[in-house]
Amino acid sequence: MSFVCDGKYALTAVGPSEGSAYSQVHVKALAASYRELIGEDFATRIRAEAGSVSDEDRDYLRRSDARAVIAWSNPQFEETNDFGCCGVGADPDLWTRPVGIALTIDAGPLEAWEREIGALPVSGAVESGARQLVNLYVLPEAQGEGLGSELLREVLPEDSPAFLWLINGNDGAERFYRRHGFHGLGEDFPTQGTWAPSTTGRMVRGL
């Protein structure tokens, strides 16, 4: 366990046994992040598919090359507490509310859905040992404090080659990743199912 953002959040590594907490954040964050971008009923649709999201999360967390973390908040944390962040942080049982997630895997062959939309592999990704950022989400209550940057650094060394998929039009996320050295490839692939009618494309760093 490590503490970030002046001790306000704790980061812990995630494996398949922590998949429930991971998916809890994932579904909540998806519903909050894309409702306005994709449609008002997106939140309802993605919650209805929570089981599928959880199954996919566990598949990723079982991978030997997965690097994943959860950020936890302490509901009783106060920056002016009498103990100080280090004293409070000594008891991991106080950090009980999951508020952020991040996960990376090694670059590899295209997944089925990527082939279906007509995507090609990112040039040089496998050869350079790049990582794919699969998930990075922070719940609204914990945004604006630098937690997203801490999560990214935890699963992806700074300036290392990497790529990610992003829903086009998610300007806030795009600005965030640009600050961390990524740039877009200008792709505009159609999405399917719950994610329609949005389009998606990739951002890369060091590739």
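The values are calculated or read from the model by the stated rules, or taken from the named source; none is laboratory data. Everything quoted here is computed from the prediction, not taken from an experiment. Backbone-built Cβ (ideal geometry, glycine too); neighbour counts: all protein chains shown. These accessible areas exclude ligands, DNA and RNA; they are computed on the full protein's heavy atoms, side chains included. Shrake-Rupley method; radii C 1.70, N 1.55, O 1.52, S 1.80 Å.
Brief remarks follow.
- Residues that are of a type in the set (S, T, N, Q) and over 19 Å from residue 16 (Cβ atoms) are absent from the range 98-107.
- Candidates are the residues of the range 49-71 that are more than 12 Å from residue 16 (Cβ to Cβ) and under 14 Å from the mean Cα position of the chain (by Cα); the one that is surrounded by the most Cβ atoms within 10 Å (Cβ to Cβ) is 71.
- Taking the range 43-73 as the range and being touching a strand residue (DSSP E or B) at 6+ places or on another chain (Cβ under 8 Å) and among the polar types (S, T, N, Q) as the test, only 73 passes.
- Scan of the range 8-34 for residues that are open to solvent by 20 Å² or more (accessible area, probe 1.4 Å) and more than 24 Å from residue 149 (Cβ to Cβ), ordered by number: 16, 17, 20
- Among the candidates 46, 38, residue that is at pLDDT below 95 and open to solvent by less than 80 Å² (accessible area, probe 1.4 Å): 38
- Helices (runs of 4 or more DSSP H) lying entirely in the range 106-207 (those with 2 or more residues that are surrounded by 17 or more Cβ atoms within 10 Å (Cβ to Cβ)): 147-155, 171-179
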